[in-house]
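Presented below is the structure to which this report refers.
The values are calculated or read from the model by the stated rules, or taken from the named source; none is laboratory data. Just so it is clear, the model here is predicted, and its values are computed rather than measured. Counting neighbours? That spans all protein chains shown, and the Cβs are built from the backbone with ideal geometry, glycine included. These area figures cover heavy atoms from the full protein model, side chains too; ligands, DNA and RNA do not enter into them. Shrake-Rupley method; radii C 1.70, N 1.55, O 1.52, S 1.80 Å.
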Protein chains: 2
Amino acid sequence: MINPQILLSVDELPKEWYNIQADFPKPLPPPEDPDKKRMEFLGQTMIGKCLEQEVSKEKFIKMPEGVVELYLQAGRPRPLMRALKLEEYLRLPSTIRLYYKREDLSPTGSHKVNTALPQAYFAKEEGLKGLTTETGAGQWGSALSYATRLLDLDLVVFWVGNIYDSKPGRLDYMKNQEAIIHRSPSSITEFGRKIQKEFKKTYGKNKKHPGSLGIAISEGLEYASKNEGVKYSLGSVLNHVLMHQTIIGLETIEQFKKIDEEPNVIIGCLGGGSNFGGISLPFAGQVLRGERDWDDIEFIPAQSKAAPNLGGEYRYDYGDVAEQTPMLKMYTLGHKVDMPPILADGLRYHGAAPKISHLIHEKMINIKPRWYETDEKSIMEAAKIFLQTEGWLIAPESSYAVRAMIDRSLEAKRKGEELVMVANISGHGFLDDPFWSAATHISVAKYI
Amino acid sequence: MINPQILLSVDELPKEWYNIQADFPKPLPPPEDPDKKRMEFLGQTMIGKCLEQEVSKEKFIKMPEGVVELYLQAGRPRPLMRALKLEEYLRLPSTIRLYYKREDLSPTGSHKVNTALPQAYFAKEEGLKGLTTETGAGQWGSALSYATRLLDLDLVVFWVGNIYDSKPGRLDYMKNQEAIIHRSPSSITEFGRKIQKEFKKTYGKNKKHPGSLGIAISEGLEYASKNEGVKYSLGSVLNHVLMHQTIIGLETIEQFKKIDEEPNVIIGCLGGGSNFGGISLPFAGQVLRGERDWDDIEFIPAQSKAAPNLGGEYRYDYGDVAEQTPMLKMYTLGHKVDMPPILADGLRYHGAAPKISHLIHEKMINIKPRWYETDEKSIMEAAKIFLQTEGWLIAPESSYAVRAMIDRSLEAKRKGEELVMVANISGHGFLDDPFWSAATHISVAKYI
């Protein structure tokens, strides 16, 4: 009997996050703050425990028992699956084997829950009244609305305007979790009002500002600074966020051990870097510690040409448009860059997480980004191939990872390489109808 | 550490379906066919293996290895969860314990995949070109579109008109699986054209006929009878369908054994009966075989007052409006009854599965149906309570089961009963925005 599932028992759930900072031969460049006000501001607006984890050099950080219990309730550990039907469809030889990790089984439909739960837990421990945040694709806002409701905290979300307009299902989700959602730019922050005013001057009163992740972050930070007992929670980019996400890769390593297999290609989509970091950092740690050879593992971040931040400059840049965050050293397109709209909104961010940028810049791992066209036709095709073979309706963002896995496996087939590949399926697509509706018009290639 | 998950390993997946007909002390009344044409018609339009299973008296029917593999790919076995947070919210004493079975983890979002996969498998084995079916809520159409695509079969779906109009996400899902979908009543069957013509005479040209499950079934049967190599597949009511669904209850029994616990209350929503049958029949079998006492297990089918078929007459009735099916002995409201629209469309059917009707009529099990108001306010409240405590966004239909579990557990608390209860979560609600959108206006009670 053929069994595609590789499962961990509840006892095998990792109980510590992996902090790659402990294994960096050269330390991560610290944040910079030209006029010293921003670090202080951040100290006031961020969850204390998260700030502490942000700079920790401890290699393994123990999860509080309460967080482990929340992970179990959310259905962790998650399956690793062998993509047998996809391999068959692509006519791959048995020397090329494909696997995928199922973060789409998350209660809110994405990996974001992995950091939302500990952040909400730490906020509750700190005695906060509530949290505020920004969201782009809506996955992060959904995840935090889930986590804050479970921990009985208030939540205010600033949601990038044009995406707010196109995803009523996600809006309803967050409302049903009792979150308060503002279309960003909103009228409830000074910065939002300023942006709206300028926009109306240029485009008139009837056009709605489409918003951006940078604007929404600025609004959230302002809101946190002006409301007692409310702190700001971030869903990507920062060190502690990527560390919480390492549970993905840590589980995956255990799962591969069970079948006595070692992956040579690790794939994730990359916007800010949390899902890519989640699957990759524990494997990158193996390379840093010399347990695997540098050229024995290839890392593939799958990106959109709309936001090819890994092809940008490596320099200090702000995380938001209003320049309220300190500057982080990272690959960036510039914090005021205009990015064309795509359906995989979660990939539209100007910079890549400092941890990942550092790994790349110091050539610590063998990493080969791929950039895909903004018409997303090849992405939709990959998503449909995955749907029709493996059977799962995945998120637009995750479809980039699947596209990269298909492309890389066909290259390997042509070159006669023997490869074991794993892609992280960061989320499901049940609340992403704009993407799946467009996909109905895409036809699927036959590989013979 | 508190662990709410009760899991089975892949090896523990049941490999046989349970056929309750073998344990009935008095056999199931056979179908009736006033003018003998319908049985012949059904013989021609149904999958051979399904017809064979429909009348089988074998107690356990072995699943083909290919079906077991399809179940594994679809993520079976599925978790049983202890509803710890819901218990806490309801302030239940530790003598009342709540569990739920997670059919919502299905690839298409419902338990319907459990019968779609074997039906498509048998159709492929028979050498058919394709299948046709009806769908109401859209769960069945989605499940069959998934199964037929995996097995490389064509699929034509007749979808109840007013629901077709309200669920673009499900429509896109089926299209992305390459199914051909007709809004029912359609123009491609004689019966559909006739119904439309009559409707237009009364209501004018601009109004669209809302359709009904009965009409859609009639269209599908006509289509199957007129197209070579195409047979008709049904997603509920019939004996073989409920038998395929017993995998739910069989897994659940194994899971309770693992924690040395025995449920006393078994709950499922009931439209035609496939999800209720799936969770209940294996437990009903324990009663029939004398392994459990009659009054040791209470069965609760949760229904809508829009279609309270278990409160109807027990008699022979047709399964469809056009009277193309043989007559089945069942509790029925009459096959031409008008049922008010509700958001949990999957519960709107005029009759209850013959197997379940027989169990009730012969008083073989202790069964206590519950009927809920058609405004569905109490249902949405239950759905939100479940979302905000357990964290899962469930289907409108499944929310009836949760409502019944909440109500029954609060009664038990008042009466001082000690009870272990399990509800089947038949599906997720990510593609059911009309319901979850309405739910945003419902507030949730506090239990203290």
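Within the stretch B:17-83, list the GluC sites (Glu not before Pro) lying in a DSSP loop whose Cβ has at most 15 other Cβ atoms in a 10 Å radius.
Those satisfying the criteria are B:Glu58.
Sticking with the crude label model, points 7 Å out along Cα→Cβ, report the distance from A:Asn3 to A:Arg193 in nm, one decimal please.
6.3 nm
Of the listed pairs A:Lys201/A:Lys226; B:Lys207/B:Lys336; B:Lys85/B:Lys446; B:Lys258/B:Lys384; B:Lys36/B:Lys329, which have alpha-carbon separations greater than 19 Å here?
With Cα atoms farther than 19 Å apart: A:Lys201/A:Lys226; B:Lys207/B:Lys336; B:Lys258/B:Lys384.
Run lengths n ≥ 4 of DSSP H only: what is the helix-derived mean residue ellipticity at 222 nm for the protein assembly as shown, with -39500 (n - 2.57) per run over all residues, to the nearest 500? Numbers along the way, then the final one.
Values: 32 runs with 366 residues, N = 896.
It comes out at -12500 deg cm²/dmol, rounded to the nearest 500.
Taking 7 Å along the Cα-to-C-beta vector as the label spot, tell me the A:Arg414-B:Ile180 distance in nanometres, rounded to one decimal.
The answer from the label model is 3.7 nm.
Grab the other residues whose beta carbon is less than 12 angstrom from that of A:Asp320, score K and R as +1, D and E as -1, and report the net. Walk me through the numbers before you get to the answer.
Values: positive: A:Arg38, A:Lys336; negative: A:Glu134, A:Glu219, A:Glu222, A:Asp317, A:Glu323.
Spelling it out: positives minus negatives among the neighbours equals -3.
Give me the Kirkwood hydrodynamic radius of the stretch A:79-202, using the inverse of the mean 1/r over all pairs of distinct Cα atoms, in Å to one decimal.
16.7 Å
Select from B:Ser398, B:Ser225, B:Ser426 the residue whose mean-square fluctuation is largest in a Gaussian network model of chain B (Cα-Cα springs shorter than 10 Å).
Among B:Ser398, B:Ser225, B:Ser426, the largest mean-square fluctuation in the Gaussian network model of chain B belongs to B:Ser225.
In µm²/s, what is D for the stretch A:1-143 at 10 °C and 1.306 mPa s, where D = kT/(6 pi eta Rh) by Stokes-Einstein and Rh is the Kirkwood radius from Cα pairs? Don't jump to the answer; show the numbers that get you there.
Numbers: Rh = 18.4 Å.
So the translational diffusion coefficient is about 86 µm²/s.
What pairs from A:Lys26/A:Lys363; B:Lys62/B:Lys124; B:Lys205/B:Lys305 go past 20 Å between their alpha carbons?
Long pairs (Cα-Cα over 20 Å): B:Lys205/B:Lys305.
Taking A:Lys59 as the anchor, which aspartates and glutamates have their alpha carbon closer than 16 Å to its alpha carbon, excluding any fewer than eight residues away along the same chain?
Counting by Cα, and skipping residues close in sequence, A:Lys59 has these aspartates and glutamates nearby: A:Glu16, A:Asp23, A:Glu291.
With springs only between Cα atoms under 10 Å apart, run a GNM on chain A and tell me which of A:Asn275, A:Asn114, A:Asn19 wobbles the most.
Largest GNM mean-square fluctuation: A:Asn19.
At 0.36 nm per residue, and after removing the present C-alpha to C-alpha distance, how many nm does the segment from B:Lys363 to B:Lys446 gain when stretched out fully?
The B:Lys363-B:Lys446 span can extend by a further 26.1 nm.
Once the other residues with Cβ under 11 Å from the Cβ of B:Ala439 are scored (Lys, Arg +1; Asp, Glu -1), what is the net sum?
Details: positive: A:Lys175, B:Lys377, B:Lys384; negative: A:Asp172, B:Glu376, B:Glu381, B:Asp432, B:Asp433.
With Lys, Arg at +1 and Asp, Glu at -1, the neighbours total -2.
Nearest 100 Å² is fine: how much accessible area is buried between B and A, summed over both sides, with a 1.4 Å probe?
So the buried area, both faces added, is about 4200 Å².
List the residues of the stretch A:175-190 that lose 20 Å² or more of accessible area once all protein chains are present, compared with their chain alone (1.4 Å probe, heavy atoms only, no ligands or nucleic acids).
A:Lys175, A:Asn176, A:Gln177, A:Glu178
Bins of 10 Å, beginning at zero and ending with the bin holding the largest distance: percent of Cα pairs per bin for the stretch A:296-448, please.
Once binned at 10 Å, the Cα pair distances of the stretch A:296-448 give 11, 36, 34, 17, 3, 0.
Just add up the charged neighbours of A:Tyr100: K/R +1, D/E -1, any other residue whose Cβ is under 9 Å from the Cβ of A:Tyr100. Spell out each step's value before the answer.
Working: positive: A:Arg82, A:Lys101, A:Arg102; negative: A:Glu390.
After counting each charged neighbour, the total is +2.
Output the Cα-based Rg and Dmax of the stretch A:249-352 in Å, rounding Rg to one decimal and Dmax to a whole number.
Here Rg and the maximum Cα pair distance are 15.9, 50 Å.
Most fluctuating residue of B:Gly48, B:Gly214, B:Gly66 in a GNM of chain B with Cα springs under 10 Å: which is it?
Per the Cα network of chain B with a 10 Å cutoff, B:Gly66 tops the list.
Taking all pairs of different Cα atoms in the stretch A:130-279, averaging 1/r and flipping that mean, what Kirkwood radius in angstroms comes out? Could the numbers behind the result be given before it?
Numbers: mean 1/r = 0.0594 Å⁻¹.
This gives a value of 16.8 Å.
Which aspartates and glutamates have a Cα lying under 17 Å from the Cα of A:Lys37, excluding residues fewer than 8 positions away in the same chain?
A:Glu222, A:Asp317, A:Asp320, A:Glu323
For chain A, just list the percent of Cα-Cα distances falling in each 20 Å bin from zero outward, please.
27, 60, 12, 0
In whole Å, what are the extents of the stretch A:351-426 along the principal axes defined by its C-alpha atoms, from largest to smallest?
So the extents along the principal axes, rounded to whole Å, are 40, 32, 21.
Could you state the angle between the C-alpha long axis of helix A:377-389 and the longest principal axis of the C-alpha atoms of chain A, as a value from 0 to 90 degrees rounded to the nearest 10?
Its long axis makes an angle of about 60 degrees.
From other protein chains only, count the Cβ atoms within 10 Å of every residue's Cβ in B:107-119, then give the mean.
Mean partner shielding for this stretch: 1.
Can you tell me what the convex hull of the Cα atoms of the protein assembly as shown projects to on average, as an area in nm²?
Numbers: hull surface 144.2 nm².
Over every viewing direction, the Cα hull of the protein assembly as shown projects on average to 36.1 nm².
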